[in-house]
Amino acid sequence: MSSTRWALILMLAAMALIIFANVILRYTTNQSIEWAEEVARYLMVWLTFIGAGPVLRYGGHIAVENLQDVLPRKIAITLRILIAIVISAFFIFMMVYGYIYVDRVHYQLTPTTQISMGWVYASIPIGGFILLLNWLFIVRDYVFHRKFAADEHFDATASASL
């Protein structure tokens, strides 16, 4: 299992434990952990940006593929090359402007935990990098064969059930 998946598992587990503990304390003692909601919210932000890369690699994001399906193969490949360039440019945009944004907010502190907002917003350029890295692993198969890891999983599942 990759380090990204382990990081996602640990963040999700921490978020679930914090919220669970906060709910139990709120209903059993009428007291809550004052930082619980803030930390859980920031963990959710990190989960979103970091988790987008592995989901992209697997082919789990929503895609509109109707146009590609009706086009001749060479034109469909050309369209997917254009899509690949736009997606790559967007991930680079996320990294560059995410870094600029982190630099602008790093003096601001979160309301409860008093950590730099730069730590929260660092998920944007890091997530953009993970997206680009995962994209580079699959872009060739996507462009020429329109394949994702999910396709191999479904093929293996279908042949195993026969």
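The values are calculated or read from the model by the stated rules, or taken from the named source; none is laboratory data. Here the structure is a predicted model, which means the values were calculated and not measured. Please note: Cβ atoms are built from the backbone with ideal geometry, for glycine as well, and neighbour counts cover all protein chains shown.
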Checklist entry - Pairs, please: C-beta under 6 Å, at least 6 apart or cross-chain, first residue within 15 Å of residue 141 (Cα to Cα) and in region 62-84, second among the small types (Gly, Ala, Ser) and assigned to a loop (DSSP other than H, G, I, E, B)? => result none
Checklist entry - If we scan region 27-39, do we find a residue that is of a type in the set (Phe, Trp, Tyr), surrounded by 13 or more Cβ atoms within 10 Å (Cβ to Cβ) and in contact with a helix residue (DSSP H, G or I) (Cβ under 6 Å, 6 or more places away or on another chain)? => result no
Checklist entry - Within region 44-58, is there a residue that is more than 30 Å from residue 148 (Cα to Cα) and modelled with pLDDT of 95 or more? => result no
Item to check | Options 86, 102, 64, 96; residue that is in a helix (DSSP H, G or I) and exposed (fewer than 11 other Cβ atoms within 10 Å of the Cβ) | outcome: 86
Checklist entry - Only one residue in 8, 43, 47, 12 is in a helix (DSSP H, G or I), surrounded by fewer than 16 Cβ atoms within 10 Å (Cβ to Cβ) and out of contact with any strand residue (DSSP E or B) (no Cβ under 6 Å at 6 or more places or on another chain), so which one is that? => result 12
Item to check | Condition met for residue 114 (at pLDDT 95 or above, over 27 Å from residue 146 (Cα atoms), of a type outside the set (A, V, I, L, M, F, W, C) and in contact with a helix residue (DSSP H, G or I) (Cβ under 6 Å, 6 or more places away or on another chain)) | outcome: no
Checklist outcome for this item: Restricted to region 105-129 and to residues being assigned to a helix (DSSP H, G or I) and β-branched (Val, Ile, Thr), the residue surrounded by the fewest Cβ atoms within 10 Å (Cβ to Cβ) is 105
Checklist outcome for this item: For region 15-30, the count of residues that are more than 13 Å from residue 44 (Cβ to Cβ) and assigned to a helix (DSSP H, G or I) equals 11
Checklist entry - For region 93-119, what are the residues that are among the hydroxyl-bearing types (Ser, Thr, Tyr) and more than 22 Å from residue 35 (Cα to Cα)? => result 97, 99, 101
Item to check | Test set (1) of a type in the set (A, V, I, L, M); (2) touching a helix residue (DSSP H, G or I) at 6+ places or on another chain (Cβ under 8 Å); (3) surrounded by fewer than 17 Cβ atoms within 10 Å (Cβ to Cβ) - residue 17 fails condition number | outcome: (2)
